[in-house]
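Peer 1: To start, I am sharing the structure in question, which I have written as C-alpha coordinates.
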Amino acid sequence: MSLDLTNTSSIVTGGGSGLGEATARALAARGAKVVVIDLQPDKGNAVATDIGGAFVQADVADAEQVIQAVETAKEMGPLRSLVTAAGIGFATRTVGRDGQYESAHDLNIFKKVIEVNLVGTFNCVRLAATAMGQTEPFDEDGSRGAIVTVASVAAYDGQIGQASYSASKGGVVGMTLPIARDLAAIGVRVNCIAPGLIDTPIYGQGEGSEAFKEKLKRDVLFPKRLGEAEEFASLAVELVTNTYMNAEDIRLDGGVRMQPK
(Lines give C-alpha, C1' and ligand atoms only; values in the text may rest on other atoms or scores of the structure.)
Protein backbone atom coordinates (compact mmCIF):
# COMPACT_ATOMS: atom_id res chain seq x y z
CA MET A 1 0.00 0.00 0.00
CA SER A 2 1.34 3.44 -0.78
CA LEU A 3 0.19 6.94 0.04
CA ASP A 4 -1.38 8.54 -3.03
CA LEU A 5 -0.51 12.23 -2.87
CA THR A 6 -3.07 13.31 -5.48
CA ASN A 7 -5.27 16.13 -4.13
CA THR A 8 -3.52 16.10 -0.76
CA SER A 9 -1.53 18.98 0.67
CA SER A 10 2.09 18.92 1.74
CA ILE A 11 4.44 21.27 3.57
CA VAL A 12 8.14 21.64 2.78
CA THR A 13 10.26 23.92 4.95
CA GLY A 14 13.26 25.53 3.30
CA GLY A 15 11.39 24.92 0.06
CA GLY A 16 12.82 27.92 -1.75
CA SER A 17 16.14 26.32 -2.67
CA GLY A 18 18.36 23.27 -2.39
CA LEU A 19 16.99 20.08 -0.85
CA GLY A 20 13.66 21.71 -0.02
CA GLU A 21 13.08 23.01 -3.53
CA ALA A 22 13.87 19.64 -5.13
CA THR A 23 11.53 17.91 -2.66
CA ALA A 24 8.71 20.41 -3.18
CA ARG A 25 8.96 19.84 -6.94
CA ALA A 26 9.02 16.06 -6.53
CA LEU A 27 5.96 16.05 -4.26
CA ALA A 28 4.09 18.34 -6.65
CA ALA A 29 4.95 16.00 -9.53
CA ARG A 30 3.19 13.25 -7.57
CA GLY A 31 0.02 15.33 -7.29
CA ALA A 32 0.45 17.13 -3.96
CA LYS A 33 -0.43 20.78 -3.43
CA VAL A 34 2.71 22.02 -1.73
CA VAL A 35 3.04 24.85 0.78
CA VAL A 36 6.58 26.19 0.57
CA ILE A 37 7.89 27.66 3.83
CA ASP A 38 10.96 29.84 3.48
CA LEU A 39 12.40 33.04 4.89
CA GLN A 40 13.23 34.35 1.42
CA PRO A 41 10.02 35.49 -0.32
CA ASP A 42 11.57 35.87 -3.78
CA LYS A 43 12.84 32.29 -3.91
CA GLY A 44 9.90 30.76 -2.04
CA ASN A 45 7.32 32.50 -4.20
CA ALA A 46 9.10 31.51 -7.41
CA VAL A 47 9.09 27.80 -6.50
CA ALA A 48 5.49 27.85 -5.20
CA THR A 49 4.23 29.60 -8.34
CA ASP A 50 6.11 27.20 -10.58
CA ILE A 51 4.59 24.10 -8.98
CA GLY A 52 1.07 25.43 -8.41
CA GLY A 53 1.49 25.58 -4.64
CA ALA A 54 1.47 28.36 -2.05
CA PHE A 55 4.23 30.28 -0.30
CA VAL A 56 4.24 31.21 3.38
CA GLN A 57 7.09 33.26 4.79
CA ALA A 58 7.78 31.77 8.20
CA ASP A 59 10.43 31.25 10.82
CA VAL A 60 10.20 27.50 11.52
CA ALA A 61 10.62 28.10 15.25
CA ASP A 62 7.68 30.55 15.37
CA ALA A 63 4.47 28.76 16.39
CA GLU A 64 1.99 31.28 14.96
CA GLN A 65 3.74 31.52 11.58
CA VAL A 66 3.91 27.75 11.21
CA ILE A 67 0.25 27.39 12.20
CA GLN A 68 -0.57 29.84 9.40
CA ALA A 69 1.32 27.61 6.95
CA VAL A 70 -0.51 24.51 8.23
CA GLU A 71 -3.88 26.25 7.88
CA THR A 72 -2.94 27.30 4.33
CA ALA A 73 -2.15 23.66 3.53
CA LYS A 74 -5.46 22.45 4.97
CA GLU A 75 -7.33 24.77 2.61
CA MET A 76 -5.65 23.05 -0.35
CA GLY A 77 -6.45 19.49 0.70
CA PRO A 78 -5.98 17.09 3.62
CA LEU A 79 -2.44 17.52 4.98
CA ARG A 80 -0.66 14.21 4.45
CA SER A 81 3.05 15.04 4.35
CA LEU A 82 5.72 17.29 5.83
CA VAL A 83 9.41 17.51 4.93
CA THR A 84 11.56 19.71 7.17
CA ALA A 85 14.46 20.85 4.98
CA ALA A 86 15.03 24.29 6.55
CA GLY A 87 18.32 24.59 8.39
CA ILE A 88 21.39 26.71 9.07
CA GLY A 89 25.02 25.96 9.75
CA PHE A 90 27.82 27.84 11.46
CA ALA A 91 31.42 26.68 11.83
CA THR A 92 33.40 27.77 14.86
CA ARG A 93 35.66 25.95 17.31
CA THR A 94 34.69 25.33 20.91
CA VAL A 95 37.76 27.10 22.32
CA GLY A 96 39.50 30.09 20.72
CA ARG A 97 43.14 30.07 19.65
CA ASP A 98 44.19 32.59 22.32
CA GLY A 99 42.65 30.51 25.12
CA GLN A 100 40.57 33.41 26.51
CA TYR A 101 36.99 33.08 27.74
CA GLU A 102 35.90 35.77 25.26
CA SER A 103 37.09 33.78 22.26
CA ALA A 104 35.30 30.56 23.22
CA HIS A 105 32.40 29.45 21.00
CA ASP A 106 29.74 32.20 21.03
CA LEU A 107 26.86 30.84 23.08
CA ASN A 108 24.26 32.81 21.16
CA ILE A 109 25.41 31.24 17.89
CA PHE A 110 25.10 27.79 19.47
CA LYS A 111 21.59 28.62 20.69
CA LYS A 112 20.55 30.02 17.30
CA VAL A 113 21.61 26.87 15.41
CA ILE A 114 19.75 24.68 17.93
CA GLU A 115 16.72 26.99 17.72
CA VAL A 116 16.41 26.75 13.94
CA ASN A 117 17.54 23.18 13.25
CA LEU A 118 16.17 21.32 16.27
CA VAL A 119 13.48 23.44 17.93
CA GLY A 120 12.26 24.60 14.51
CA THR A 121 12.05 21.04 13.22
CA PHE A 122 10.10 19.90 16.28
CA ASN A 123 7.78 22.91 16.06
CA CYS A 124 6.84 22.04 12.48
CA VAL A 125 6.45 18.35 13.31
CA ARG A 126 4.15 18.90 16.31
CA LEU A 127 1.89 21.34 14.43
CA ALA A 128 1.71 19.49 11.11
CA ALA A 129 1.09 16.20 12.92
CA THR A 130 -1.76 17.81 14.84
CA ALA A 131 -3.40 18.77 11.54
CA MET A 132 -2.79 15.30 10.10
CA GLY A 133 -4.52 13.83 13.14
CA GLN A 134 -7.67 15.80 12.25
CA THR A 135 -7.99 14.09 8.84
CA GLU A 136 -9.83 10.91 7.95
CA PRO A 137 -7.56 7.84 7.60
CA PHE A 138 -6.82 6.96 3.97
CA ASP A 139 -6.32 3.20 4.38
CA GLU A 140 -7.49 0.26 6.48
CA ASP A 141 -4.42 0.59 8.73
CA GLY A 142 -5.63 3.99 9.90
CA SER A 143 -2.82 5.90 8.15
CA ARG A 144 -3.15 9.67 8.18
CA GLY A 145 0.18 10.98 6.95
CA ALA A 146 3.96 10.93 6.97
CA ILE A 147 6.77 13.20 8.11
CA VAL A 148 10.37 13.29 6.90
CA THR A 149 12.84 15.24 9.01
CA VAL A 150 16.28 16.22 7.78
CA ALA A 151 19.41 15.64 9.84
CA SER A 152 22.94 15.33 8.44
CA VAL A 153 25.86 12.92 8.53
CA ALA A 154 27.26 15.54 10.94
CA ALA A 155 24.94 13.93 13.48
CA TYR A 156 27.28 10.92 13.42
CA ASP A 157 30.68 12.19 12.27
CA GLY A 158 30.69 15.93 12.80
CA GLN A 159 33.86 17.75 11.87
CA ILE A 160 36.03 20.28 13.68
CA GLY A 161 34.00 23.43 14.24
CA GLN A 162 30.64 21.67 13.90
CA ALA A 163 29.64 21.42 17.56
CA SER A 164 26.41 23.41 17.22
CA TYR A 165 25.43 21.93 13.86
CA SER A 166 26.15 18.34 14.92
CA ALA A 167 24.31 18.83 18.22
CA SER A 168 21.25 20.14 16.40
CA LYS A 169 21.25 17.36 13.80
CA GLY A 170 22.00 14.70 16.40
CA GLY A 171 18.90 15.93 18.20
CA VAL A 172 16.83 15.51 15.04
CA VAL A 173 18.05 11.90 14.71
CA GLY A 174 17.50 11.27 18.41
CA MET A 175 13.87 12.37 18.42
CA THR A 176 12.87 10.30 15.39
CA LEU A 177 11.95 7.13 17.29
CA PRO A 178 10.14 8.75 20.25
CA ILE A 179 8.10 10.98 17.94
CA ALA A 180 7.25 8.00 15.71
CA ARG A 181 6.11 6.17 18.84
CA ASP A 182 4.02 9.18 19.90
CA LEU A 183 2.41 9.61 16.49
CA ALA A 184 1.61 5.92 15.99
CA ALA A 185 -1.51 6.69 18.02
CA ILE A 186 -2.83 8.89 15.19
CA GLY A 187 -1.46 6.88 12.25
CA VAL A 188 1.37 9.26 11.29
CA ARG A 189 4.79 7.87 10.34
CA VAL A 190 8.10 9.65 10.95
CA ASN A 191 11.43 9.01 9.22
CA CYS A 192 14.64 11.00 9.08
CA ILE A 193 17.16 11.47 6.25
CA ALA A 194 20.77 12.28 7.15
CA PRO A 195 22.24 13.60 3.89
CA GLY A 196 25.95 13.72 3.25
CA LEU A 197 27.60 16.11 0.83
CA ILE A 198 24.80 17.26 -1.46
CA ASP A 199 25.52 19.88 -4.11
CA THR A 200 23.23 22.76 -3.07
CA PRO A 201 23.58 26.58 -2.94
CA ILE A 202 24.90 26.25 0.64
CA TYR A 203 28.43 25.90 -0.82
CA GLY A 204 28.18 29.13 -2.82
CA GLN A 205 29.17 29.62 -6.45
CA GLY A 206 32.27 30.43 -8.45
CA GLU A 207 35.83 29.12 -8.69
CA GLY A 208 36.53 29.05 -4.94
CA SER A 209 33.32 27.16 -4.28
CA GLU A 210 34.03 24.62 -7.04
CA ALA A 211 37.51 24.00 -5.62
CA PHE A 212 36.03 23.54 -2.16
CA LYS A 213 33.48 21.01 -3.46
CA GLU A 214 36.25 19.16 -5.30
CA LYS A 215 38.09 18.74 -1.99
CA LEU A 216 34.94 17.70 -0.15
CA LYS A 217 34.30 14.61 -2.24
CA ARG A 218 37.65 12.99 -1.32
CA ASP A 219 35.98 10.84 1.37
CA VAL A 220 32.93 9.82 -0.65
CA LEU A 221 33.13 6.07 -1.22
CA PHE A 222 31.07 5.69 -4.41
CA PRO A 223 29.94 7.32 -6.61
CA LYS A 224 32.91 9.71 -6.32
CA ARG A 225 30.93 12.95 -6.41
CA LEU A 226 28.62 15.14 -4.39
CA GLY A 227 25.01 14.06 -4.21
CA GLU A 228 22.25 15.80 -6.15
CA ALA A 229 19.23 17.45 -4.57
CA GLU A 230 17.00 15.29 -6.78
CA GLU A 231 18.49 12.15 -5.21
CA PHE A 232 17.50 13.47 -1.79
CA ALA A 233 14.01 14.34 -3.06
CA SER A 234 13.57 10.85 -4.49
CA LEU A 235 14.26 9.28 -1.09
CA ALA A 236 12.03 11.80 0.70
CA VAL A 237 9.11 10.93 -1.60
CA GLU A 238 9.71 7.20 -1.04
CA LEU A 239 9.67 7.67 2.75
CA VAL A 240 6.45 9.67 2.49
CA THR A 241 4.63 7.25 0.19
CA ASN A 242 5.87 3.84 1.41
CA THR A 243 3.42 3.14 4.22
CA TYR A 244 5.60 0.54 5.97
CA MET A 245 8.60 2.85 6.44
CA ASN A 246 8.59 4.19 9.97
CA ALA A 247 10.90 5.33 12.78
CA GLU A 248 14.06 5.10 10.68
CA ASP A 249 17.00 7.41 10.12
CA ILE A 250 18.81 6.86 6.84
CA ARG A 251 22.19 8.14 5.71
CA LEU A 252 22.13 9.32 2.09
CA ASP A 253 25.81 9.94 1.52
CA GLY A 254 27.54 7.72 -1.05
CA GLY A 255 29.15 5.86 1.85
CA VAL A 256 31.07 8.90 3.10
CA ARG A 257 32.61 8.94 6.58
CA MET A 258 33.71 12.46 7.37
CA GLN A 259 37.27 13.11 8.53
CA PRO A 260 37.93 15.51 11.44
CA LYS A 261 38.51 18.29 8.92
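The values are calculated or read from the model by the stated rules, or taken from the named source; none is laboratory data. Predicted, not measured: the structure shown is a model, and the values here were computed from it. Backbone-built Cβ (ideal geometry, glycine too); neighbour counts: all protein chains shown.
Peer 1: Collect the residues in the range 116-141 that are under 15 Å from the mean Cα position of the chain (by Cα) and among the hydroxyl-bearing types (Ser, Thr, Tyr), keeping them in residue-number order.
Peer 2: To start, the set of residues in the range 116-141 that are under 15 Å from the mean Cα position of the chain (by Cα) comprises 116-126, 128.
Within the range 116-141, just Thr121 meets the criteria.
Peer 1: Is at least one residue of the range 224-238 surrounded by 18 or more Cβ atoms within 10 Å (Cβ to Cβ), more than 22 Å from Arg25 (Cα to Cα), within 22 Å of the chain's Cα centre (by Cα) and in contact (Cβ under 8 Å) with a residue 24 or more places away in the chain?
Peer 2: No, because not a single residue in the range 224-238 is surrounded by 18 or more Cβ atoms within 10 Å (Cβ to Cβ), more than 22 Å from Arg25 (Cα to Cα), within 22 Å of the chain's Cα centre (by Cα) and in contact (Cβ under 8 Å) with a residue 24 or more places away in the chain.
Peer 1: In the range 172-183, how many residues are over 13 Å from the mean Cα position of the chain (by Cα) and either touching a residue at least 12 places away in the same chain (Cβ under 8 Å) or crowded, with 18+ Cβ neighbours inside 10 Å (or both)?
Peer 2: Number of matching residues: 6.
Peer 1: May I ask you to verify whether Lys74 is modelled with pLDDT of 95 or more and either surrounded by fewer than 17 Cβ atoms within 10 Å (Cβ to Cβ) or within 15 Å of Asn7 (Cβ to Cβ) (or both)?
Peer 2: Values: modelled with pLDDT of 95 or more: yes; either surrounded by fewer than 17 Cβ atoms within 10 Å (Cβ to Cβ) or within 15 Å of Asn7 (Cβ to Cβ) (or both): yes.
Answer is yes for this residue.
Peer 1: Kindly evaluate Gly96 against the criterion of being under 16 Å from the mean Cα position of the chain (by Cα), over 24 Å from Ile186 (Cα atoms) and not in a helix (DSSP H, G or I). First the steps, then the outcome.
Peer 2: Details: under 16 Å from the mean Cα position of the chain (by Cα): no; over 24 Å from Ile186 (Cα atoms): yes; not in a helix (DSSP H, G or I): yes.
In short, no.
Peer 1: At least 2 residues that are at pLDDT below 95 and either of a type outside the set (Ser, Thr, Tyr) or closer than 30 Å to Ser9 by Cβ (or both) in each: list the helices (runs of 4 or more DSSP H) lying fully within the range 146-261 that qualify.
Peer 2: Working: elements: 154-157, 163-174, 176-183, 207-216, 229-241.
Once the helices (runs of 4 or more DSSP H) in the range 146-261 are filtered for at least 2 residues that are at pLDDT below 95 and either of a type outside the set (Ser, Thr, Tyr) or closer than 30 Å to Ser9 by Cβ (or both), what remains is 207-216.
Peer 1: Based on this model, can you work out whether Asp106 counts as modelled with pLDDT of 95 or more, touching a Leu at 6+ places or on another chain (Cβ under 8 Å) and surrounded by fewer than 22 Cβ atoms within 10 Å (Cβ to Cβ)? Break it down into steps so the answer makes sense when it comes.
Peer 2: On the way: modelled with pLDDT of 95 or more: yes; touching a Leu at 6+ places or on another chain (Cβ under 8 Å): no; surrounded by fewer than 22 Cβ atoms within 10 Å (Cβ to Cβ): yes.
Here the answer is no, as Asp106 does not meet what is asked.
Peer 1: Here's another thing I want to ask about it. Looking at the range 119-128, is at least one residue assigned to a helix (DSSP H, G or I), closer than 16 Å to Ser164 by Cβ and out of contact with any helix residue (DSSP H, G or I) (no Cβ under 8 Å at 6 or more places or on another chain)?
Peer 2: yes
Peer 1: Only one residue in Val34, Val56, Val70 is in contact (Cβ under 8 Å) with a residue 40 or more places away in the chain and not in a loop (DSSP other than H, G, I, E, B). Which one? Give the derivation first.
Peer 2: Details: Val34 fails: in contact (Cβ under 8 Å) with a residue 40 or more places away in the chain; Val56 fails: in contact (Cβ under 8 Å) with a residue 40 or more places away in the chain.
Residue meeting the stated conditions: Val70.
Peer 1: Just one of (1) surrounded by fewer than 24 Cβ atoms within 10 Å (Cβ to Cβ); (2) at pLDDT 95 or above trips up Leu19, so point out which.
Peer 2: (1)
Peer 1: Which condition from (1) within 17 Å of the chain's Cα centre (by Cα); (2) within 13 Å of Leu183 (Cβ to Cβ); (3) not aromatic (Phe, Trp, Tyr) is the one that Val113 breaks?
Peer 2: With (1) within 17 Å of the chain's Cα centre (by Cα); (2) within 13 Å of Leu183 (Cβ to Cβ); (3) not aromatic (Phe, Trp, Tyr) applied to Val113, the lone miss is (2).
Peer 1: From the set of residues in the range 22-31 that are part of a helix (DSSP H, G or I) and in contact (Cβ under 8 Å) with a residue 24 or more places away in the chain, which is surrounded by the fewest Cβ atoms within 10 Å (Cβ to Cβ)? I'd like the intermediate steps shown before the answer.
Peer 2: First, pick out the residues of the range 22-31 that are part of a helix (DSSP H, G or I): 22-29.
The next check asks that each one be in contact (Cβ under 8 Å) with a residue 24 or more places away in the chain; those that pass are 22-28.
Details: Ala22: 24, Thr23: 31, Ala24: 33, Arg25: 19, Ala26: 25, Leu27: 29, Ala28: 21.
Among residues in the range 22-31 that are part of a helix (DSSP H, G or I) and in contact (Cβ under 8 Å) with a residue 24 or more places away in the chain, the one surrounded by the fewest Cβ atoms within 10 Å (Cβ to Cβ) is Arg25.
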